[in-house]
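Shown next, in C-alpha cells, is the structure this report addresses.
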Amino acid sequence: MGLLTKDIKSLDDLLLQALAELRYTERRIQRALPILAGKLSDVRLQDEMQTWVEASEAYMERVDDVFRLHGATPCLVESPAIDGIFISADELNDEIDSYHVLDTAIIGAVEAVAAYSLTRYQTVIGWLRQGGRVESARLLHENLSSRRRATAALQVLAERCLAEQRVRRSGRLPAVLAG
C-alpha cells in the first residue's frame, strides 16, 4: 500500500486507505497527463488526453462522495505504484527522439496508468460490495466503467494514429487502413 498515515486496524481503515490512494491516482492523472499530452505529435491524441483529464475530475468527485458516505474527509495518500508508472514514463520519454516512437511510448504509459487504476477500482468495489455498501460501490463502478470505455477508445484511436504515422513514413498503406 501507500505511505500509511496511521496504522490499519480494521477493514474500514483499509478501505479509507485505498480510497485515498485512488484519489491520489486521479490527482496524478490530472497533473501528469497534460504534460505527456504536450509531447504527443498528434492533435487527436492530445485531445483524447484532455478528455481523460476532465473525466478524472469527475472520478475524483465520486471518490470524494464515497469518503463522505463513510463519514470521512477526502484525503490523499501517496501511491508509490502510480508514481513509479509516471516516473518511468518521464524517464523513457526524455530518451526518445522520434515523434512516432515517443507517441507510442506515451500511449503505452497511459495504458499502464489505466490498467493500474482499473485494478484498484475493481478491488475497492469488491470490498464495498462485501461490506454491503451498495451506493459507494455504484459510484466507483461508474468510474470503472467510464475508464474502461476511455481506455478502449484510446487504444482504437492510438492504433489508427500510429498506423497513419507509419504510412506517412513508409509511403505504404498497411492492411489496417487498406480495408
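Highest GNM mean-square fluctuation, the chain, Cα pairs closer than 10 Å: which of Arg44, Arg27, Arg168?
Of Arg44, Arg27, Arg168, the most mobile in the Gaussian network model is Arg168.
Given the options Leu40, Leu11, Leu102, state which has the largest fluctuation in a GNM of the chain using a 10 Å cut-off (strictly under) for Cα springs.
Judging by the Gaussian network model, the answer is Leu11.
7 Å from Cα along Cα→Cβ at both Val43 and Asp7: what's the point-to-point distance in nm?
5.9 nm
For the chain, what is the calculated [θ] at 222 nm in deg cm²/dmol (nearest 500), taking -39500 (n - 2.57) for each run of four or more DSSP H residues and dividing by its residue count?
So the calculated ellipticity at 222 nm is -28500 deg cm²/dmol.
Suppose every K and R has +1 on its Cβ and every D and E has -1 on its Cβ; what is the size of the dipole of the range 1-104 about the Cα centre, in Debye to the nearest 20?
That gives a dipole near 420 debye.
Taking every alpha carbon pair in the chain, what does the distance histogram look like in 5 angstrom bins from 0, in percent?
1, 8, 17, 19, 17, 13, 10, 7, 5, 3, 1, 1, 0
Solvent-accessible area of Asp13, probe 1.4 Å, all protein chains present, reported in Å² to the nearest ten, please.
For Asp13, solvent-accessible area is about 30 Å².
From Cα coordinates alone, what are the radius of gyration and Dmax values for the range 1-82 in angstrom?
14.9, 48
Kindly sort Thr151, Thr51 by accessible area of their heavy atoms, largest first, with the probe set to 1.4 Å.
These residues rank, largest area first, as Thr51, Thr151.
Can you pull out the trypsin sites (Lys or Arg not before Pro) in the range 67-132 whose DSSP state is coil and whose Cβ has at most 14 other Cβ atoms within 10 Å?
none
Got a number for carbon plus sulfur as a percent of the chain's accessible area, 1.4 Å probe?
That fraction is 53 percent.
What is the Cα coordinate range of the range 59-100 on the first, second and third principal axes, sorted by size from largest, in whole angstrom?
49, 20, 10
Counting Lys and Arg as +1 and Asp and Glu as -1, each charge on the Cβ, what is the dipole of the chain about the Cα centre in debye, to the nearest 20?
Rounded to the nearest 20 debye, it is 540 debye.
Can you list which of the chymotrypsin sites (Phe, Trp or Tyr not before Pro) found in the range 105-177 are DSSP loop residues with at most 14 other C-beta atoms within 10 Å?
Listed in order of number, the matching sites amount to none.
Taking the solvent-accessible surface of protein heavy atoms with a 1.4 Å probe, what is the per residue accessible area of the chain in Å²?
Per-residue value: 51 Å².
The values are calculated or read from the model by the stated rules, or taken from the named source; none is laboratory data. Computed from a predicted model, the values in this text were never measured in an experiment. In this analysis, Cβ positions are derived from the backbone assuming ideal geometry, glycine residues included, and neighbour counts consider all displayed protein chains. Only protein heavy atoms, including side chains, enter the accessible area calculation; ligands, DNA and RNA are left aside. Shrake-Rupley method; radii C 1.70, N 1.55, O 1.52, S 1.80 Å.
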